[in-house]
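The values are calculated or read from the model by the stated rules, or taken from the named source; none is laboratory data. Every value quoted in this text rests on a predicted model; they were computed, and no experiment measured them. Quick reminder, even Gly has a Cβ in these numbers, built from the backbone with ideal geometry, and neighbours come from all protein chains shown.
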Amino acid sequence: MASKEEKLLQFSPFSSALDTGFWHQLTQLKLDVFQLDDAPQPLTGYFFNGDASGIPSHLNLDYNAFQPNFKVPIRHFPSRGFIKNTNTLNDFKTIDKRNLLDTTGKEIWQSIVSGEALENPTLLSRFLLLTFADLKKYNFFYWFAFPALCAPEKITVKERKKINQVLTDEQVEQLLIAYDKEFLPKHVAFFLGKKTKTSFLLAPLKYFDDFYSGDDEFFLCVCDPCNLDDYPGWPLRVFLTLAAYHWSEKLGGVAKVLCLRDRFKEGVRSVDHSLVFTVDLPSISHLTESPRCIGWEKNERGKLGPRIVNLGPSMDPSRLAESAVDLNLKLMRWRLLPSLDLDLISETRCLLLGAGTLGCNVARSLMAWGVRTITFVDNGSVSYSNPVRQTLFTFEDSMNGGRPKAECAAESLRKIFPGVRTEGHVFSIPMPGHSVTDGTKDHVKRDVERLEHLIEDHDAVFLLMDTRESRWLPTLIATAKTKIVINAALGFDTFLVVRHGVRLPQRAVAMETSEKASLTQSISGHQLGCYFCNDVVAPGDSTRDRTLDQQCTVARPGLSMMTSALAVELLISLLTHPQRGQAPADIRSKDEELNVDTECPLGLVPHQIRGFLSRFNLLMPTGQAFDQCTACSNIVVEEYRKKGFEFLLNAFNEPSYLEDLTGLSEMHLSTMDEEVWGFSDDEEM
Amino acid sequence: MAEGLLLSEDEFHQGIYELKELSDRIGDLWVLASEKSSKFLSKRVIQYLPLCPEQTDDSPRDEIAVLEKEESLETLSDLEITATETSERILCSCEYHIIFSSSYGVPVLYFNFYKQDGSLLKLNDVWSTIPDAFNDRLIEEKWTFITQQEHPIRHKPFFHLHPCHTGQLMKASSSLSTSNTPLEYIIRWMSSIAPVVHLNVPMKYAHFLPDGTPG
Ligand SMILES: [Zn+2]
């Protein structure tokens, strides 16, 4: 092991090791304490001489680094330093780095010359840290320096041995007893040692004169963070400057250095990998000026330059909220539903037509499922009575005439969860039976186009409006564009949630009447009816015919939450089904349904859910598409496709146009749904 | 709510004081931390973790490149010794906290793995460092499930092992031994979860258990 050839003593540099807690503390201090004060602030880091084999020597800064009384962890040794946090990136770039380092170098030199470092050897181990914190982007620029004085200029190695080639087991034991008693508990990394005839003794640096005797074999001892067989670590470098200044002459220009490495493995201590170097140590006591100082750390690319770390993912509150929300859903999947495709859900773009009680609650449930794109359309404003029921609004929103609901709801969603992409569109949806004059024609046309674009740009459309007839146009457009539609409507204590049939894209209008469901098990998704298939009266101006009593009716307050929740859960079940919009609706009897194996991991995907709160009862009927439906039948969809706005204009203006077209007028009034669905989900009429 | 073998807060404190003493004796590195009137055990170790170093991030590297060219500083040392990161491992600071959960009545392990620049490993990366031997257990046994949570004292994101099954686990593993002091409890618990999160628990701790095995 001993090597005889003389060569320069080289030192293994520190590499910096930080943790997120340190950056958190810097951020907080910058914001609350330092603010624009960029004066250097003291810091404490630490190093370790007990790492496992193969770990490079490192200087650590952690969460506690800024604490004035920070005690370094057990078996670690302190390094005192300061942080210079610049106010701008330009300051960081242009600051005189040589000067910065020289300032620290001079302090070290001063502490050596004055003898202060003999009293307090911690002064030998220093560092400085230059930073710039871009707190908007959570980018931290940083550059460490571990200052070392270039004196003596050259130190040559005469001999290198392992500790057990120099000391007996007994002497090592004596060394460790003294070390454990005097130096380790005080976290002192530099001390003196000598081998007498009978024992091995240690002493603090300040007792050199009494301790050193020419007769005994003498050692400069350092707790060495390096793990390499051939080299000592960085702390020795400044220690040798001190020794060369104070003791070189007494030592005759030659010193033995004991690099103590003190590792535990499985609870068993070993110092066998400690090294003893014999080095030439020329005196530098004649120096009057501080020697030049080096020590800037290279970055991860081996270049002499700063490093940068982006801590957005662990510091930016919005990103933390996003990942926490995702994680919550992932936990549900991991634990209960491994086949759940959360990405598919979060990527589903949802259009909410109506931002009243149903719109607000649907949006909240969608957000809870991780849906990230939620768009509102509503023409109304928040009124005083709204906030208690419409869960995205507050009293302030209802003041001064009220803010537009669609915009207010979107803003509220962002406040709840900044990760959501949301917009509010304020316009009214044109309705059949509400005639369009020449004066309003352009305006209505613009609104229709707006709605067409919105439906085109979304994957699922929720119909959550006040009136039955306002659901007609979006039903028609969404059918033509084969989008998923979830329709929710409230009575006083009854509700309906229905998913519209989604036509097969390749033959979107070729739904053959012969293709009736085999009424045994299920009806396929493309054959399912829409909200209007159940009605045999075309949508008209329902507000006109209604009695005062009906117009003032508002739903039981809890009904909207139940209905919204079911509407969202129905969408999620549908999305999770392998056939998505075309998922068949089960028409088995209720008891059978409970035992059936479902294709969807979440269970059944019904066509409709009808609730009767007076009986706390739910029904799940299934209805087939009606080939004379005024909103979704082929004849209507075809007319709309061919004639576009011209067709719509007829439907808006002529009360009987849709009935005539579909042949419905013949059956007028022959049947009527006994429940009055869809007259009000809002207390405002 | 919680079932199985539980600890009171006083027992937990007694346990961690005793564990800290043992730790000192066998060269382990646990430190008693006291923050915001909460006491817990803390330990920080630098070690290689089995993970591919990733290169991409969104930091403005160009700014750095400019500086590298402009600076004409003397190099720190002619000796080039840097961390030898290979395609299979990455040098990390691993921070472990043992904190008492009063709602579950058990100790909970919170931990973070940092790269050298202080950035946090992502949850997916943490999952991928879990030794293969535990993969089946991870999927099947929910209690070993590692997730990210707000640290109860520092209010920053930490990984943790969910405590909901700790009580039952401890009941099962201690049924063989006669006595069960808080110290033994914590040693058994620590030994059972440590390998999952690269926490080294020296075998010597087991010498302080009545039956000599860590459970
Ligand atoms: Zn229809």
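Which strands (runs of 3 or more DSSP E) sit wholly inside region A:1-64 and have at least 2 residues that are among the polar types (S, T, N, Q)? Write out each step before concluding.
Working: elements: A:15-18, A:41-48, A:58-61.
Qualifying strands (runs of 3 or more DSSP E): A:15-18, A:41-48.
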If a residue has to be β-branched (V, I, T) and within 12 Å of chain B (Cβ to nearest Cβ) to count, how many in region A:40-58 make the cut?
1
Among the numbered criteria (1) more than 14 Å from chain B (Cβ to nearest Cβ); (2) surrounded by 15 or more Cβ atoms within 10 Å (Cβ to Cβ); (3) not in a loop (DSSP other than H, G, I, E, B), which single criterion is violated by A:F264?
(1)
Options A:V222, A:V157; residue that is part of a strand (DSSP E or B) and within 14 Å of chain B (Cβ to nearest Cβ):
A:V157
Could you pull out the residue among A:R450, A:R414, A:R468 that is modelled with pLDDT under 95 and either not assigned by TED's automatic domain parsing to the domain that holds A:N650 or not aliphatic (A, V, I, L, M) (or both)?
A:R468
Any chance A:L281 is touching a strand residue (DSSP E or B) at 6+ places or on another chain (Cβ under 8 Å) and more than 12 Å from chain B (Cβ to nearest Cβ)
yes
Every residue from region A:301-322 that is farther than 26 Å from A:Q28 by Cα and surrounded by fewer than 17 Cβ atoms within 10 Å (Cβ to Cβ):
A:R301, A:G302, A:K303
Taking the condition within 22 Å of A:L566 (Cα to Cα) and either assigned to a loop (DSSP other than H, G, I, E, B) or in the same structural domain as A:E452 (by TED's automatic domain parsing) (or both), does A:N379 pass?
no
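Name the one entry in A:F127, A:F140, A:F132, A:F144 that is free of Cβ contacts under 8 Å to residues at least 60 places away in the same chain and not in a helix (DSSP H, G or I). Walk me through it before giving the result.
Numbers: A:F127 fails: free of Cβ contacts under 8 Å to residues at least 60 places away in the same chain; A:F140 fails: free of Cβ contacts under 8 Å to residues at least 60 places away in the same chain; A:F144 fails: free of Cβ contacts under 8 Å to residues at least 60 places away in the same chain.
Just a single option satisfies the conditions, and that option is A:F132.
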Within region A:59-71, can one find any residue that is at the interface with chain B (Cβ under 7 Å from one of its Cβ atoms), surrounded by fewer than 22 Cβ atoms within 10 Å (Cβ to Cβ) and of a type outside the set (A, V, I, L, M, F, W, C)?
no
Conditions first: (1) surrounded by 16 or more Cβ atoms within 10 Å (Cβ to Cβ); (2) in the same structural domain as A:S274 (by TED's automatic domain parsing). A:F141 passes all but one, so which condition is the exception?
(2)
Going residue by residue through region A:393-401, is there one that turns out to be of a type in the set (F, W, Y), at pLDDT 95 or above and more than 14 Å from A:L351 (Cβ to Cβ)?
yes
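I'm checking my understanding of the structure. Among residues of region A:100-121 that are among the hydroxyl-bearing types (S, T, Y) and surrounded by 19 or more Cβ atoms within 10 Å (Cβ to Cβ), which one is nearest to the chain's Cα centre (by Cα)? Step through it out loud before you land on a result.
Quick first cut of region A:100-121, residues among the hydroxyl-bearing types (S, T, Y) only: A:103-104, A:111, A:114.
Narrowing further to those that are surrounded by 19 or more Cβ atoms within 10 Å (Cβ to Cβ): A:104, A:111.
Details: A:T104: 39, A:S111: 47 Å.
That would be A:T104.
Here is a yes/no grid of residues against (1) assigned to a helix (DSSP H, G or I); (2) within 16 Å of the ligand (Cβ to nearest atom):
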site	(1), (2)
A:S614	no, no
A:P621	no, yes
A:Q628	no, yes
A:I635	yes, yes
A:E638	yes, yes
A:L648	yes, no
A:A651	yes, yes
A:P655	no, no
